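Working notes, beginning with the structure itself.
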Amino acid sequence: MAPGTDVIIAAFEQTGIIPVFYHDDAEVCLQVLQACYDGGLRVFEFTSRGENARKNFAILRDKKLAAMPDLYLGIGTIKNAADAAVYAGMGADFIVCPITDPETAAFCKSENICWIPGCMTPTEVSVAEKNGAQLVKLFPGNVLGPGYVRAIKPLFPQIKFMPTGGVEPTQVSMDSWFDAGVVCVGMGSNLLSKALIDSKDWSSLKEKIVQTFAFLKAMK
């Protein structure tokens, strides 16, 4: 049974950095998950972006259940309720979407699973709010920027924001986003760089995560 929206949002806020990742190779997925976990992160978004997405998600879920009891593992790049249902049935703790789809929202509400829609415009944020979203993914973050968060945040005082895309693992980048009022950031290739993944230097990846986590802690 999914942990519910309030529990997930609290975990997102506490961990602050949400790794966003997909790879066709299950062993690579396991090593990246382990590096993130060992680096201190307790939320992980696997994305449904490749032919092995369901198979590899199941492998990560089994790893989480066996050895990472305090980790929340969710699925991203979900664009419809049917796909949300598949992954909810596979044990996803939360559903992240690149779009705001009311049918997916309704499914997640019926299953008591946290729905995190992707928004770019104030209208989309309003639709997300009306459909029960408490945390919104701002995407693409590299296009919107921290200034956008400052501009729209007063319009939606009850909504929490998470930019994904464009957030860099540096003190300056992290400061700019969190100072603008986000509660957490989604980080894909800027954190889990292709070079590091291809090198399979998992200890260096863990150290990069530890360092990025330190930037976040320095702000608190």
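Side notes on the structure shown:
- Only one entry in VAL183, VAL172 is open to solvent by 60 Å² or more (accessible area, probe 1.4 Å) and either of a type in the set (A, V, I, L, M, F, W, C) or assigned to a strand (DSSP E or B) (or both), namely VAL172.
- Across the range 148-169, the number of residues qualifying as of a type in the set (Lys, Arg) and surrounded by 20 or more Cβ atoms within 10 Å (Cβ to Cβ) comes to 0.
- Restricted to the range 99-147, the set of helices (runs of 4 or more DSSP H) holding at least 3 residues that are crowded, with 22+ Cβ neighbours inside 10 Å comprises 102-111.
- For SER189, the requirement of being open to solvent by 40 Å² or more (accessible area, probe 1.4 Å), part of a loop (DSSP other than H, G, I, E, B), hydroxyl-bearing (Ser, Thr, Tyr) and without any contact (Cβ under 8 Å) to a residue 12 or more places away in the chain is met.
- Filter pass, ASP198 being open to solvent by 60 Å² or more (accessible area, probe 1.4 Å) and assigned to a helix (DSSP H, G or I): yes
- Selection count, the range 121-160, where residues are more than 17 Å from the chain's Cα centre (by Cα), under 24 Å from LYS109 (Cβ atoms) and basic (Lys, Arg): 1
- Residue that is farthest from GLU27 (Cα to Cα), among those in the range 38-88 that are of a type in the set (Val, Ile, Thr) and open to solvent by 40 Å² or more (accessible area, probe 1.4 Å): VAL86
- Note on the range 10-37: among residues that are of a type in the set (Phe, Trp, Tyr) and over 15 Å from TRP202 (Cα atoms), the one that is surrounded by the most Cβ atoms within 10 Å (Cβ to Cβ) is PHE12.
The values are calculated or read from the model by the stated rules, or taken from the named source; none is laboratory data. All values derive from a computational prediction rather than experimental measurement. All Cβ positions, even for glycine, are placed from backbone atoms using ideal geometry, and neighbour counts span all protein chains on display. SASA here: full protein model, heavy atoms, side chains in, ligands and nucleic acids out. Shrake-Rupley method; radii C 1.70, N 1.55, O 1.52, S 1.80 Å.
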